[in-house]
Structures are given as C-alpha cells and as structure tokens.
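Single-structure report; data block below.
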Amino acid sequence: MSRVALPDFPWDSLAGAKAKAQAHPGGIVDLSIGTPVDPVPESIRAALASASEIPGYPTTHGIPELRAAAIEALSRRHGIEGVPEAAVLPTIGSKELVASLPRQLGFGPGDLVVIPEVAYPTYEVGVLLAGASLLRADSTFALGPQKPAMLWLNSPSNPTGRVLGADHLRKVVEWARERDVVVVSDECYLALGWESEPVSILHPSVHGGSLDGLLAVHSLSKSANLASYRAGFVTGDPKLVAGLLEIRKHSGLIVPRPVQEAMVAALKDDEALAVQRERYARRRLVLRKALLDSGFEISHSEAGLYLWSTRGESALDTVDWLADRGILAAPGTFYGPTGGRHVRIALTATDERIDAAVERLTA
C-alpha cells in the first residue's frame, strides 16, 4: 500500500516568525490560531462533571437529549426547521470529520471533490486521505462540464470571514441536485455574524423543503469555548447521516458521554453564547480599527473570528512586519494559492493581549 503524501503542517513553518515575536519586550501576541482563550461557562462544566461516574460505553449516535438540544438550538438560533432528530450525529470536534468525510461518504479514486479557493487546510487533507481528486473553485461556473461527487461550502468562511447569502446557497443546492452532487457546508462560525447574518444551508429559504444531498457541520469550539472538549455534530440528509453513523459505529468514533452532557448544556445556554459574542465583538472592533489605522485593508471579514487583512504585499512580508512588533499572524498561503497577499488575524486572544496588539499597531 502506498503512503498518502500530505502537505507539511502549515503552522510548523511559523517557527521563525514566532521566535521573533516572542523576543518583543512586551511578549508575543499570538493571533495566528483560532483557539479559545476564555473560560468554559459554569453550566457546561457542571454538566461535564455530572456524567463523570458513568462507566459504560456511550452511544455513537449520541444521547437523545443531545440530539433534541441540537435540533432546538438550530431552530432557535438559526431558523432551521424540519431536521429530524435521528439526523443529528455528534462528532469528536469538527476537524476529524472534515478530514475523514469524503472517505466516510464513500468517495475515493476517480471522484472529484470541490473546495473553496481559499480554504481551511483540512478540506484538502480529507480529499487526499480519500485518494480523490481536488479542485478549488468558488463558483459552479468554474467547474465547466466536470461533475464532482462532493462540494464543500464554508460560510462564514475560515479564513476570510465571507458570508454566502441565501440566494447564492440556493443556486448551489439547485445546481448540485441536478447533478447528484453531495453538498457539505462547514458552519462552525454560524453564530458569529457581525456585519451580516449568516444563513445555514439547512434553512428552508435555501433547501426548498428537502434535505436531500445536504450536510451541515457544526462545532461548539468557538461559540462555547469547547475546543478542548472536542464537541461538534453533523446533520442534514437523514440517509447520509445514517450511512455516516454506521461507519462511525464500526470505527469507534464516539463522543465521550461527559462531553455529550456538556454539549447539551452548551446548546441550551443562549446567555453564555451572548456573553461570548460580546467578548469577540469588542476585540474585533478595536483590532479592526487599529489595523485600518496602521495601513491595512480588510477584505470580507463580516463574520467569524478572523480579520482577512492585507498591506498589498507578500503575506510572508506582512507576517515578518507583524512579528517585528511582537504579533504573530497566519499567512494566507496556508489557505490556498490565491491567499498570497493576505494574512489571517485572529480575535482569539485575551483582552489584555488584544489591547497590546492595538498599542503596537498604532504606536
């Protein structure tokens, strides 16, 4: 068996810039990754602890309370209706699903998978692990006569923060259904709209009354600070979800029971979500102004946890410029060939570190 050739892990290449930023007298401000820094809400921690004595194996499909809480949260927070409870499947965070989904859906050599032109690197990894072919495209027109097996959407986008409107999503769904293409939408930042309101691919205004051929991926890492818990879920077409469930049962891909209880609490706690949104909104406001005042342009970035920023130069030059000021950012080259003049600047740092970055940018 031949070994799959994967790209180098992108963030390993930042070692030099990180060392330069760490040498700053005020310490590093690491805005290169999207890891939460704020406390896990008490309601969620209590729920996690409440199941710590349960000794038996958890169910792969998730406890009924979790599936119900997910359905209720999708309806309450995002206007999503008509998803049956059986079509919710908890995942060990979202990254493991993204990396394995093409293969779990049965795609492989001879199949084409489309990902956004500028995209989260794990989409590409998932295609490579499946042995399928990859195409980067932001429009169905760019595909020409090619018929993909699967098409990834990401709205709000990581890294660009771009939001795809309901009309755009609906046209993609209609195009895909005419060709029997599975559409998977990464919606991990759906609750973090700032300048526009993101819409799920599972919203009735998009799917037209049918979930056929559609999957949406959700995560609680960003909205509830549960990155360390590895808490996510996938939902949509009941037939597709049932197929994934069978594979995951055989593979032992099970969310631990205490984490499932924590997910129930997170999905019910709209107040904790509102508090976290306010934290990010404040950080976004001051950091965005500082970047603009120091000569950056910001593209898209109307939602999510990143400011897709450019100084009109090579992304690596911008990374170096920021590192001189003790700030670490991710070059747009991590996300695809067309990202070469942007950097992704995260909002996921403490208020104190964000304020330090603002001071350095505007000095």
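Using a basic spin-label model with each label point 7 Å from the Cα along Cα→Cβ, how many nm lie between residue 175 and residue 205?
Here the answer is 2.1 nm between the modelled labels.
Express in Å², to the nearest 10, the accessible area of residue 12 obtained by rolling a 1.4 Å probe over the protein heavy atoms while all chains stay in place.
We get 110 Å² for residue 12.
With a 1.4 Å probe and all protein chains kept in place, how much accessible area does residue 11 have, in Å² rounded to the nearest 10?
Rounded to the nearest 10, the figure is 60 Å².
Which residues' amide hydrogens lie under 5 Å from the amide hydrogen of residue 138, considering only partners 5 or more residues apart or on another chain, with H built in the peptide plane?
Amide H neighbours of residue 138, under 5 Å, 5+ apart: 117.
Skip the ligands, DNA and RNA, and give the accessible area per residue of the chain with a 1.4 Å probe, whole Å².
The answer is 42 Å² per residue.
Which order do 141, 107, 296 take when ranked by solvent-accessible area (1.4 Å probe, heavy atoms of all protein chains), largest first?
Numbers: 141 180, 107 40, 296 5 Å².
Ranking 141, 107, 296 by accessible area, largest first, yields 141, 107, 296.
What's the carbon and sulfur percent of the chain's accessible surface, probe 1.4 angstrom, rounded to a whole number?
Details: 8280 of 15420 Å².
Exposed carbon and sulfur together represent 54 percent of the surface.
Which whole-Hz couplings ³J(HN,Hα) result when phi for each residue of segment 43-54 is put into the Karplus expression 6.51 cos²θ - 1.76 cosθ + 1.60, θ = phi - 60°, listed in order with x for Gly and Pro?
Karplus-based 3J(HN,Hα) across segment 43-54 equals 4, 6, 5, 5, 5, 4, 5, 5, 10, 5, 9, 6 Hz.
Whenever you get a sec, line up 239, 268 from highest to lowest accessible area (probe 1.4 Å, protein heavy atoms).
Numbers: 239 175, 268 130 Å².
From most exposed to least exposed: 239, 268.
Where nothing but the Cβ of Lys and Arg (+1) and of Asp and Glu (-1) is charged, how large is the charge dipole of segment 1-47 around its Cα centre, in debye to the nearest 20?
Numbers: 4 positive and 5 negative charges, 30 e Å.
Its charge dipole is roughly 140 debye.
Would you mind telling me which residue in 111, 167, 186 has the biggest mean-square fluctuation in a Gaussian network model of the chain, where springs connect alpha carbons within a distance under 10 angstrom?
Most flexible of the set in this elastic network: 167.
Out of (1) 73, 45, 37; (2) 61, 52, 43; (3) 56, 53, 45, which label holds the value of Cα extents along the principal axes in Å that was computed here?
Label of the calculated value: (3).
Which FRET efficiency, nearest 0.05, do residue 275 and residue 68 yield, Cβ-Cβ r, R0 25 Å?
0.55
Can you tell me the FRET efficiency between residue 195 and residue 247 if r is taken as the Cβ-Cβ distance and R0 is 45 Å, rounded to the nearest 0.05? Mind dumping the intermediate values first?
On the way: r = 39 Å, r/R0 = 0.86.
Calculated transfer efficiency: 0.70.
Rounded to the nearest 10 Å², what accessible area does residue 153 show when all protein chains are kept and the probe is 1.4 Å?
Estimated to the nearest 10 Å², residue 153 gives 20 Å².
The values are calculated or read from the model by the stated rules, or taken from the named source; none is laboratory data. Here the structure is a predicted model, which means the values were calculated and not measured. With ideal geometry, Cβ positions are generated from the backbone for all residues, glycine too; neighbour counts draw on all protein chains shown. Please note that ligands, DNA and RNA were not included when accessible areas were found on the heavy atoms of the full protein model with its side chains. Shrake-Rupley method; radii C 1.70, N 1.55, O 1.52, S 1.80 Å.
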